[in-house]
Every structure is written in C-alpha cells, then in structure tokens.
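Every number here is computed from the coordinates shown, using simple stated rules; none is lab data. What you see is a predicted model; the values in this text were computed from it and never measured. All Cβ positions, glycine included, derive from the backbone under ideal geometry; neighbour counts span all protein chains shown.
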C-alpha cells in the first residue's frame, strides 16, 4: 500500500507536526497568488475544495467573501479545529477530516497550495495525486494553485520539490494546461520558487 493511502500514519505524522509547531509552510494568511486568483472569480455559487488545507486561510478568505460552497479537507483534525475556532460560522459539514485519496465528492474548483509537494515524491504517489484530483472535478472543472519550483531536497524532507516538466508529465494526461508559469506575485520568501498553474479537467 502506498504511504499516501495509509490514513493512520499520515494522520499521526501531520498531527505531530501541528502539535510540535513544525509548520514552517504556514504564513498565517492567504498567499497573494491565491488571493488574487480568488478576487477575479465571479460565480460565488461554485463548489470549491481545498485539499490538504492545513489552517485553511484560503477557505476563511473565500467564506468571508461570499463563497459559501467552500469545503476544506485535511487528514489531521487539528487545523480543521483551528479554522472552526477562528470562523465559528463555517459549516461543520464543510470540514472534511479525511484522506484525500478516499474523498468522493465533486467540485467545480480545487485550490492547490503545494499539497502535491507534501507526498513522498515517487511515481506512484504523484500519478495517484493527478488521477484523484481529476476524479474530484466536474467536467471542465479547474485545478488552480501553486507548486514548488526547486529540485528535490538532498535531505529528502517535506515539502518536496520538482520541475515544471515533471509536474506536467503527471498532470497533462488528465488536464488541459491553461497556464503554468513561474509565479510573478509570490510572497517575498518564496519568490522564484513557485509555479502558478490553471488546469482544466479533460
């Protein structure tokens, strides 16, 4: 069984990271690229999923701006509880404490905040990610977000990197590429190290 499908061990791993406050990826607010993408969305009735959402500042921003069909998924309950504490009116039924690979609902848009880069970077895991992400989207649904643009770290620690060409190799069989370029509006610490992509389900 692939490690990404082992719910118990992944839950324990990520919950420990939160409890130990080893959350260097957490900037404490919505990242600029996703905020600016959300700001140009017009249809506030679309169903949006944020998988591997962590503290889900994107969901908080969406909900506060009228996107009431926003759903948050994380394998650890700790960040979901943190969101609920910050935003008590967020619907309990929209908080999904699940393994992404076992989730079965359907969405118009998924927002990716380097979730792909959290898995052990082997061919099986990355192929399964692309397949599952496509399966969660409605026809012509969009996958939009950020991927780290740097080589895999030699110390083999999460989050894992990759190249534009590698990511496209996994995503292209399932998605049409509308945009996938170096991110021009990354926050300063990540400048030059992120790719921003818009992919449409085939």
Practice task
Name all residues of the range 98-139 having a backbone nitrogen under 19 Å from the label point set 7 Å from the Cα of residue 150 along its Cα→Cβ direction, giving them as ranges.
Solution key: 113-122
Exercise for the section: Sort 43, 108, 74 so that the residue with the fewest other Cβ atoms within 10 Å of its own Cβ comes first and the one with the most comes last. Expected result: 43, 108, 74
Problem - Extension gain from residue 188 to residue 93, taking 0.36 nm per residue of separation minus the Cα-Cα distance - result: 30.7 nm
Practice task
Calculate the spin-label point distance for residue 104 paired with residue 40, positioning each point 7 Å from the Cα along the beta-carbon direction, and give it in nanometres.
Solution key: 3.7 nm
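Stretch residue 176-residue 200 to full length: gain in nm at 0.36 nm per residue minus the Cα-Cα span?
Length gained, residue 176 through residue 200: 8.1 nm.
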Exercise for the section: Report the antiparallel proportion of the DSSP beta bridges in the range 71-202 as a percent, rounded to a multiple of 5. Expected result: 60 percent
Exercise for the section: Would you mind ranking 123, 132 so that the residue whose beta carbon has the fewest other beta carbons within 10 Å leads the list? Expected result: 123, 132
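Let me have the relative contact order for the range 60-159, percent, based on Cα pairs under 8 Å that are six or more residues apart. Each step should come with its number before you reach the end.
Values: 96 pairs, mean separation 26.8, N = 100.
Once divided by the residue count of the range 60-159, the mean separation gives 27 percent.
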Exercise for the section: Arrange 34, 143, 128 by Cβ neighbour counts within 10 Å, fewest through most, would you? Expected result: 128, 34, 143
Completion exercise
On the formula 1/(1 + (r/R0)^6), with r taken between the Cβ atoms of residue 165 and residue 68 and R0 of 41 Å, the FRET efficiency rounded to 0.05 is 0.60
